[in-house]
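Visitor: Below are the structure tokens for one structure; questions will follow.
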Amino acid sequence: MGDIGVPELLIILAIIMVVIGPGKLAGLGSALGRSIRELRQGLRDEPVQHDEGAQPEATK
């Protein structure tokens, strides 16, 4: 119990296609790809250097 194989994944994909629809699924896939690309770009960028002497701003 708990093992998900190829037949189960195909059934889940078919249910998602019926519920969401193929048009929205393509848009969802492109948005997901764009998000992953931006995440990877953000991880490659240099980390932000914080000033050790700077005081944090007070929130109102």
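Visitor: Work out the FRET efficiency for Leu25 and Ile4 from their Cβ-Cβ distance, taking R0 = 25 Å, and round it to the nearest 0.05.
Guide: 0.80
Visitor: Need one word for region 1-48: rounded, prolate or oblate. Basis is the Cα gyration tensor (sqrt eigenvalues a ≥ b ≥ c); a/c below 1.5 gives rounded, then a/b vs b/c decides.
Guide: Since a/c reaches 1.5 but b/c is at least a/b, the shape of region 1-48 is classed as oblate.
A short reminder: the numbers here are calculations on the coordinates, not readings from a lab. Nothing here was measured: the structure is a model prediction, and the numbers come from that model. We place every Cβ from the backbone using ideal geometry, glycine too, and count neighbours over all the protein chains shown.
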